[in-house]
Structures are given as structure tokens and as C-alpha cells.
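Since the structure comes first, as C-alpha cells, the remarks are kept for the end.
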Amino acid sequence: MAPMRYVDTGVLYCDDNLSRLQQFPDECVDLVYLDPPFFSNRNYEVIWGDEAEVRSFEDRWTGGMNVYVDWMEMRLREMHRLLRPSGCLYLHCDQAASHYLKVALDGIFGPQHFRSEIIWRRTGSNSAARRYGPLHQAIFYYVKSKAAPFYPVYRPYSVGYVETTSAKLMSGGAIGRCS
């Protein structure tokens, strides 16, 4: 396939993303959010669209974790190449491969470009008789360079936090008090 001169938005490609990524020019993307297979060792079927079309994918890796991480690394390297110097990548994963993917990301981006591990907590877990049930997944946040901006999201304090903090301040508690 010939390299793309521009990025056509609003298009869904149903093929291996590696061949598509290789068509994009260097440093043309601001943000990548990646929600790849999680190395779950399962097969999935989903109903797609109004037609009740069933689509499926397999999340099984002959050769185990090394094959999975190699597969991911090839794609992560392409995504790193596509990021502008001010770009960032968010990788969503779970405990099955998160530690391996973090090491791969450190190797590609450099540990100095790791910014945060965002924990996404589910409301419940699967019942697991011989272990604690998994309650969270991780989203690793990396930047390509120091040029990447960060825009914090501010939310109002909860009523409980304000009431507790006010009570501590009024009683001469440790918050805001100098000795």
C-alpha cells in the first residue's frame, strides 16, 4: 500500500492495524488511545449494528506472553513514530499483561516519558474462589517528549470533603496550621 498523504477521518478499517500504521507519515498524530486485546486467553463474540451481525475476535496467543508482547511492541513502535513531539499515548490494559506492557513502553518511550498510571476501577469483580477478584484495569499515560502539554481537569470538591476540611480548620486541626 502506498503511504497516505493525509489522514481520512471517519473511516473504520477492519484489518491489521500494523499495515495501516506503516502508511502514515512521521509525527502526524497528537493523541493515541489504545484498547488492545488484553491477553485474556478467550474468544469474544459481539453483536454489531442494527442487523444483529455477529463479529468475533480471538484473544489467544500461540507462544504465550512473549508472542503477545512482541506483537504489541511492533504496533507501539509505529504509534511512537506517528506521535508529534507534543503527542501522548494512553494504553488500556489489565493485570494479565500490564507489567510486561509497561516494560515495553519504557523501552520505546523511555521511562522519563512515563507520566501516570490511571486506575480504572470497576464496580464489581468476577468471583474468584482461589484469589482476590480483579477490580481494576490500568491506563498507562506516556508522552513523546517534554513538549507534550498537560491540561488538568478540575472538579469541585465533594460536600463531604469541604465539610471535613472546614471542621478541621475550625477546630485548629493540622490543615493550614503552623506550629
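The values are calculated or read from the model by the stated rules, or taken from the named source; none is laboratory data. Every value quoted in this text rests on a predicted model; they were computed, and no experiment measured them. Because the Cβ atoms are built from the backbone with ideal geometry, glycine has one as well, and the counts that use them run over all protein chains shown.
Of the conditions (1) of a type outside the set (Val, Ile, Thr); (2) at pLDDT 90 or above; (3) exposed (fewer than 11 other Cβ atoms within 10 Å of the Cβ); (4) assigned to a loop (DSSP other than H, G, I, E, B), Glu27 fails just one. Which one is it?
Exception for Glu27: condition (3).
Checking Ala148 against (1) at pLDDT 95 or above; (2) closer than 21 Å to Pro85 by Cα; (3) of a type outside the set (Lys, Arg); (4) surrounded by 17 or more Cβ atoms within 10 Å (Cβ to Cβ): exactly one of these is not met. Which one?
So Ala148 meets the others, but not (1).
Considering the stretch 81-126 alone, what residues qualify as being in contact with a helix residue (DSSP H, G or I) (Cβ under 7 Å, 6 or more places away or on another chain) and part of a strand (DSSP E or B)?
Leu89, Leu91, Cys93, Phe114, listed by residue number.
Would you be able to say whether some residue in the stretch 127-139 is under 18 Å from Val29 (Cα atoms) and buried (at least 16 other Cβ atoms within 10 Å of the Cβ)?
No, there is no match, as no residue in the stretch 127-139 is under 18 Å from Val29 (Cα atoms) and buried (at least 16 other Cβ atoms within 10 Å of the Cβ).
All but one of (1) of a type in the set (Asp, Glu); (2) modelled with pLDDT under 90; (3) within 26 Å of Met65 (Cβ to Cβ) hold for Glu163; state the number of the condition that does not hold.
Among (1) of a type in the set (Asp, Glu); (2) modelled with pLDDT under 90; (3) within 26 Å of Met65 (Cβ to Cβ), the lone unmet condition for Glu163 is (3).
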